[in-house]
Structure formats: structure tokens, C-alpha cells
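The values are calculated or read from the model by the stated rules, or taken from the named source; none is laboratory data. Note that the structure is predicted; figures quoted are calculated from it, not measured. Virtual Cβ from ideal backbone geometry, glycine too; neighbours counted across all protein chains shown. Protein only, heavy atoms only, side chains kept; ligands, DNA and RNA dropped before computing areas. Shrake-Rupley method; radii C 1.70, N 1.55, O 1.52, S 1.80 Å.
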Amino acid sequence: MREGTDPAVSTTPFPFIEPERNHPLRASLSTEMHVRKMPHVVAPARMLQIVMLASPQDAREGLALLSRHFAPDGPPLAEDIRFLTRPFGALGFAWERHAEFMTYTFIAPGHEGELFDLAPFAEVSDWIAALPGSIIRSSHISLVRHEPSEATVHAHFAFDDLIISDAAHGKARLWSDFRLHPDGCGRLLIHDRGMTGIEASQLLQRVLELGNYRKMALLGLPEAQAATPAITALEKELTAITIQVAQADTDDGDILEQLTALSASLAQIAASTRYRMSATRAYSEICIDRIRRLAVSPVEGYRSFDDFTERRLLPAMRSCEAFSRRIDDLSRQAAWTSDLLRTRVDTALARRNRDLLASMDRRTELQLRLQHTVEGLSVFAISYYALNLLHHLEEALGHAGLHLPEMTDALLIPVLIFVVWRSVHHLKTKATGAAGGH
């Protein structure tokens, strides 16, 4: 080791961290741990966030818009980019892409003017107007160093809906009424009561995420409410079909058609709502996590953020969960009814097969009796023709002078019958054996 070299720092690369041995996702996963950080914010500041519902086409257009602004002369932004922070003129800017929406956040640091004056964001108004997609939420936040007076709060918020909470373990106080104001934005006032380091940035990020995910979670409620009448009608229809299955005089084919149509309608509703119900469940879980991390505490005489969120969000989530359970229960009941119908059809088929086999047994028995009768008649017929032949033979011998005893015909009758019967029986036995051998 050379003199002056730090013994704790090795300059020799280890063989197990050679670039070619890295997993293809190692770098991206490491980067993922450090993205989605709100730019550093300190009081006083103003913040404007626009949340856009974005289809895949909207997402591509939004990325192209960012590329034209932030990389006009260079290569466009990567298609898989999900988070971006850059200066935007005099403002700070953060962009994030989620599965269903994109957020555009503008920060005006050091602004101490009117609490909810949009003048600091005038330079981006045209740019915001060009954003692709539809606005699902817009938030205007004022972060102040001095606690506002009661008159100031009442001038900017609806008193009847005012929500006040302490957050960040008492280091911040929040005011909001969760209303859409004439400027098209919701309002949030935050008083910094001693936050240090990145606490203000973390608080802003969690508050915004709570509101965004709460709004996205609530998207499932109208969809569940719209599909509920159809589910109710299908439940009644399935009850009627189940009653028909229990009745012996109903047509199985008609029941099957009804059950098939019901199952198709149910599958269509389940397929069209499954994604939204799953997304609602995931968003609500994130909301609950953000409430916990905000560490809010109530202010006497006012509703708190966690109380408001739970009172508004939880009933909606329970409605969506109940809707999903109704679909699952109805699917199981339809499958159960289908099994009942299948059992009924199988039982009827087994009964028909039993009756058919019994009928075949009777026909076989009749055919056997007829065959025995025909065999008996055949023996007598053959014997009769044989005796006629012998009688003609006797006449021919008589003309030739050879006369047989008179009792010859009488004695030959039983002999001929026995011989013919024996021959027919032998042929039948031989034929039966040949058929059995095949």
C-alpha cells in the first residue's frame, strides 16, 4: 500500500461486481429507490399541482410536451421515464407518471403575497392549458411561516366545512375545506411551526398524495353505483331460475338458455368493473398509509384530516367492497345453479337410459321367443317336406316293384323330426360359437 492511501478505500475492483455480472434491472431498481422525491421546499412558498387522468395516448403526448420544453435541442426524454424535476423559469417543477394519471407540480419559493393568488404561476398558464388528458384534481397550497389570523382563514375557506389539524407531530398546522373554489383549485394552507430539513417537502408530498389517491379511489364508487341495479336484477333472475330447476315440469333447454344469458351478463359486468374495483382497493390502502405517516392530531372544535378522510373514504370503499362481494357471491350461486341443472339433466338422462335398456331387454326377450317359435316351426316344416320326399320315394319304389312296410311312414316321422331338430340345434350352436369368437 502506498504511503498516504486510505486503507479503508480499495482501488482494486472486486470480481463479483464486474459490469457484465450485473442483473439487467439492478440499476433501474436502485434508481427507483431514489425517485419520487419532492423538490426541497421551505416556508414561505406557494405550490400548484395539476393531476391529469391520462390514457396511453395522453401519456405519450405529455412526454412529448416535456421533451419539447426541457430538451428542445437534444434527444427526447426516455419513454419509460416516470419522474422528472427541473427548474421551470423562476419556478420549481416536478412531474410524475402513474398508472392512470400524471401530476404536474409547480413551486414558487419565497412568495409571501396573497395566500391563494395564482399570479406566481401566470408564466405557466398557457403551458398548463396545453396539457393532454382531463383534470381530475388541482391543488393550490400556501406554506407560510406565520400563523394566519382567524379572519384570514375565514376569508379563504368555507367555515362550515373547515378542517384543521396539526401534522408532523405538531410541527405544522393544516387548514382546508376540500371544496372546489372559483379558480378551479382546492386549497390547503400549511403553517410551518418548526419543521427542519426535508420535513416540509415530505409533508407536502404526503398531503398531496393523500388527496390524489383519495380522489382516484373514489372513482370506483360511481361505477359500482351504476352497475348495482344490473346486479340486483341478475340476483332476482337467478333466484327465479333456481326455482325452475326445482320444478319437474320445466324445460331443461329453456333453463339452460336463461342461465347462459345470465352468466354472460354477469361476466361482462365483472370484466368491466374488476380493474376499477381493484384499483380502488389499492388506492384506499395507500390513503390509509399516508394518513398514518402524516401523524395528524385534531384541533379542538374542528374536524381533523384523518376524520374527514375516513368519514368520506371508508363508506365509499365499503360500498365498492360490498359490490365486489356481490359479484363474487352471484358468480358462485350461478355456478351452484349450473351444477344443480347438470345434476338434473344427468339424472334425467340416466333415467332415460335405464328405460331404454329395459325396453331393449323386453324386445330382446320377445325376439328370442319368436326365434324359438320359428325354430320349432322350421323343424316341423322341414320334417314335413322330408316326409313328402320319402313318400314320393316310396311311390317310385312301389312302381318298381319294391314295396315297403305300411308302418314305415309312421316310424320315420319321429326319426325325421329328431334328426331335423338335432341338425338345426347343431347349426345354431355352431353359429353362436362363431359369433362369440368374433
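Quick notes
- Solvent-accessible surface (1.4 Å probe) assigned to ILE135 amounts to roughly 110 Å².
- Proximal charge balance of SER55 [Cβ under 10 Å; K/R count +1, D/E count -1]: -2
- Extension reserve of the ARG363-SER125 stretch, reckoned as 0.36 nm per residue once the Cα distance is removed: 76.3 nm
- For LYS236 and VAL299, the difference between the fully extended length at 0.36 nm per residue and the C-alpha to C-alpha distance is 17.8 nm.
- Size of charge dipole - the stretch 99-247 - debye, nearest 20, with Cβ of Lys, Arg +1 and Asp, Glu -1, no other charges: 360 debye
- Given +1 at the Cβ of Lys and Arg, -1 at the Cβ of Asp and Glu and no other charges, the dipole of the stretch 269-333 around its Cα centre is 240 debye to the nearest 20.
- Take SER278: with every protein chain present and a 1.4 Å probe, its accessible area is about 50 Å².
- The order of LEU203, LEU349 by accessible area, most exposed first and with a 1.4 Å probe, is LEU349, LEU203.
- For the chain: accessible area per residue (Å², 1.4 Å): 60 Å²
- Label positions at VAL419 and ALA350, each projected 7 Å from the Cα along the C-beta direction, are separated by 5.8 nm.
- The label-point distance for ARG82 and HIS169, in a model that sets each label 7 Å from Cα toward Cβ, rounds to 3.0 nm.
- When ARG82, ARG326, ARG352 are compared by accessible area at a 1.4 angstrom probe, the order from most to least is ARG352, ARG82, ARG326.
- Rounded accessible area of ASP306 (nearest 10 Å², 1.4 Å probe): 40 Å²
- Dipole of the chain [Lys/Arg +1, Asp/Glu -1 at C-beta], most positive-end residue of MET47, GLN247, LEU357: MET47
- Residue-averaged 222 nm ellipticity for the chain, from DSSP H runs of 4+ at -39500 (n - 2.57), nearest 500: -20500 deg cm²/dmol
- Leading residue at positive end of dipole, the chain (Cβ point charges), from ILE413, VAL374, LEU188: LEU188
- Each label was represented as a point 7 Å from its Cα along the Cα-to-Cβ direction; for LEU314 and LEU118 these points are 3.6 nm apart.
- Candidate values (i) 17, 29, 19, 11, 9, 9, 6, 2; (ii) 27, 53, 18, 2; (iii) 25, 58, 17, 0, label of the one derived for P(r) over Cα pairs in 20 Å bins from 0, in percent: (i)
- For the chain, the dipole from Cβ point charges (+1 on Lys and Arg, -1 on Asp and Glu) about the Cα centre works out to 620 debye, to the nearest 20.
- Lys/Arg +1, Asp/Glu -1 at C-beta; the stretch 131-178 dipole; positive extreme among ALA155, LEU174, ILE135: ILE135
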